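Working notes, structure below.
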Amino acid sequence: MGGAVGGVSRSGPVLAVDQGTSATKALVVCPERGVIGTGRAPVHPRHLPGGRVEVSPEELYASVVAAGREALAAAGEPVAAVGLANQGETVLAWDPATGAPLTEAIVWQDRRAADLCAELAPHEEKLRHLTGLPLDPYFAAPKMAWIRRHLTRAGTVTTSDAWLVHRLTGAFVTDAATAGRTQLLDLDSVSWSAVALDLYGLGEEPLPEVVACDRPVGTTTAFGGELPLTGLLVDQQAALLAQGATVPGAAKCTYGTGAFLLARAGRRPVRPTTGLVGCVAWRLGDRTDYCLDGQVYTAASAVRWLTDLGVIAGAHDLDRVAAQVPDAGGVTFVPALAGLAAPWWRSEARGSLSGLGLDTTAGHLVRALCEGLAAQVAELAQAVGAELGAPLAELKVDGGLTRSAVLMQVQADLLQVPVVVSASPDATALGVGAAARTGLGFPLPEALFPAGEPSAVYEPVMSPGEAEDRRAAFRSAVSHPTPPLP
């Protein structure tokens, strides 16, 4: 294709930035040569009593700039555009006149709005039908309403992406997929729902314009030189796009701070009956696609918890410690360290360990954690199959924890289908990079970057009967939860 942006061919590389929970990653991606530059900047969320999780907004912005500049320096050549992916349900209040944050950013894992959700329980079915989302403090609207009730009435309150985009370009927008994570978006019209806004007491709020994920929204000089911002997409949907989920029924799971299984559902809104979420996958141009979504709140964050306890040295240590034992030794771990999401939706749930003995070792705990994570994903995959009318034939996976062979093998065993590990763990960045390319005029699937051969494929080796026994033990443990603290 001809044409140029800022002296750079539109077919040249793009800068793709994934602003995540524990780090911001940036890739410079070329359609012919793949990833030619990378950058990373850490983010430090604070886990506070009462299930509260906060992070400095200025740290989020600084990490975006630092990671982006590092990737561009590593690439050593100009790019045509920028794409930005975001955490989805993280929110803050800020001053639209100055861009200054008025509160800390309340992270998606935060549970402080549980009481507010309980107040809205009589309206849960109405909200679910309108927005596709269950009533849970995970989503953005309860946190936004909590900020208005307890912290400040000043400025505007939005998801973190709207603030980041405003800091970068001056625009006041959010993409359709991120808006769909608020419980304020009408699933049918893909516009703000007056009914949902009124129920949350947010009817008078100045909200960002809901735009397509590939709409150019402005230019930024934050990375050096003037660059157009042409792609915006929430993190998990970006990973779904990168995994080539361009046909209904294709599914992926990303193992990051949490684990998130999404399946493409087509062009009609879905309102699941199995405990999954039905939401916008993306809007590209004037076309909206929808997906099924299931969540595990703690994945890498559960690994970090074991690390903080001294059981392992970090995620890189999972396989070494797990190799010390052949199995979990009868230990069952429900890693509900921030509550249980789909398909249970029990925000009050707490993690539990059962089957412990004097012979329980660190290896047993690691294997039990892997089984607990994999069992939750298997329950989500079963629900997806029920919604789509056919079981998944395989599961594509990405994210940092896919480097653990033990976890991926357990996942294949409990699913009883192959687990296909992406050639790149950074699918979210690749997906928003593809959105940025469509914003430059490239249609799907041309805008997608070549996936390459998978880095690994794990076939089930466990018998179906044993897999079902282990999943049944996990479901039993979930049905006998640890009571919440008073």
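Brief remarks on what is shown
- Elements of the type strands (runs of 3 or more DSSP E) sitting completely within the stretch 12-66 and holding at least 1 residues that are among the β-branched types (Val, Ile, Thr) and surrounded by fewer than 24 Cβ atoms within 10 Å (Cβ to Cβ): these cover 34-42, 52-55.
- Within the stretch 360-381, one or more residues are more than 21 Å from Val457 (Cα to Cα), at pLDDT 95 or above and not in a helix (DSSP H, G or I).
- Counted residues, the stretch 96-124 - those being free of Cβ contacts under 8 Å to residues at least 12 places away in the same chain and surrounded by 24 or more Cβ atoms within 10 Å (Cβ to Cβ): 0
- Count - residues of the stretch 244-292 that are of a type outside the set (Gly, Ala, Ser), farther than 25 Å from Val53 by Cβ, in contact with a helix residue (DSSP H, G or I) (Cβ under 8 Å, 6 or more places away or on another chain) and not in a strand (DSSP E or B): 6
- Checklist (1) surrounded by 24 or more Cβ atoms within 10 Å (Cβ to Cβ); (2) part of a strand (DSSP E or B) applied to Ala93, failing item: (1)
- Which numbered condition Ala85 misses (of (1) farther than 26 Å from Ala342 by Cβ; (2) touching a Gly at 6+ places or on another chain (Cβ under 8 Å)): (1)
- Some residue of the stretch 325-334 being outside any loop (DSSP other than H, G, I, E, B) and over 30 Å from Arg181 (Cα atoms): yes
- Here the condition is being in the same structural domain as Ala342 (by TED's automatic domain parsing), surrounded by fewer than 19 Cβ atoms within 10 Å (Cβ to Cβ) and among the hydrophobic types (A, V, I, L, M, F, W, C); of Leu358, Leu365, it holds for Leu358 alone.
- Verdict on Thr178 being outside the structural domain of Asp95 (by TED's automatic domain parsing), touching a helix residue (DSSP H, G or I) at 6+ places or on another chain (Cβ under 8 Å) and either closer than 24 Å to Tyr290 by Cα or not in a helix (DSSP H, G or I) (or both): no
- Here Leu241, Leu197 are screened, and the one residue that is surrounded by 16 or more Cβ atoms within 10 Å (Cβ to Cβ), part of a helix (DSSP H, G or I) and either charged (D, E, K, R) or at pLDDT 95 or above (or both) is Leu197.
Let's see how each residue does on (1) under 28 Å from Ala176 (Cβ atoms); (2) surrounded by 15 or more Cβ atoms within 10 Å (Cβ to Cβ); (3) hydroxyl-bearing (Ser, Thr, Tyr); (4) in the same structural domain as Gly83 (by TED's automatic domain parsing):
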residue: Leu401; (1), (2), (3), (4): no, yes, no, no
residue: Ala405; (1), (2), (3), (4): no, yes, no, no
residue: Ala429; (1), (2), (3), (4): yes, yes, no, no
residue: Arg437; (1), (2), (3), (4): yes, yes, no, no
residue: Glu446; (1), (2), (3), (4): yes, no, no, no
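- Residues satisfying the stated conditions in the stretch 165-179, i.e. touching a Phe, Trp or Tyr at 6+ places or on another chain (Cβ under 9 Å) and either at positive phi or crowded, with 24+ Cβ neighbours inside 10 Å (or both): Val165, Leu168, Asp175, Ala176, Ala177, Ala179
- Flag if Leu414 is within 21 Å of Gln295 (Cα to Cα), of a type outside the set (Lys, Arg) and either outside any helix (DSSP H, G or I) or touching a residue at least 40 places away in the same chain (Cβ under 8 Å) (or both): yes
- Residue in the stretch 376-397 that is more than 20 Å from Arg264 (Cβ to Cβ) and within 21 Å of the chain's Cα centre (by Cα) present: yes
- Here Ala80 meets the list (1) within 28 Å of Ala212 (Cα to Cα); (2) outside any loop (DSSP other than H, G, I, E, B) almost entirely, failing just condition (2).
The values are calculated or read from the model by the stated rules, or taken from the named source; none is laboratory data. This one's a predicted model, so the numbers in the text were calculated from it and none came from an experiment. As a convention, Cβ positions derive from the backbone with ideal geometry for all residues, glycine included, and neighbour counts pool all protein chains shown.
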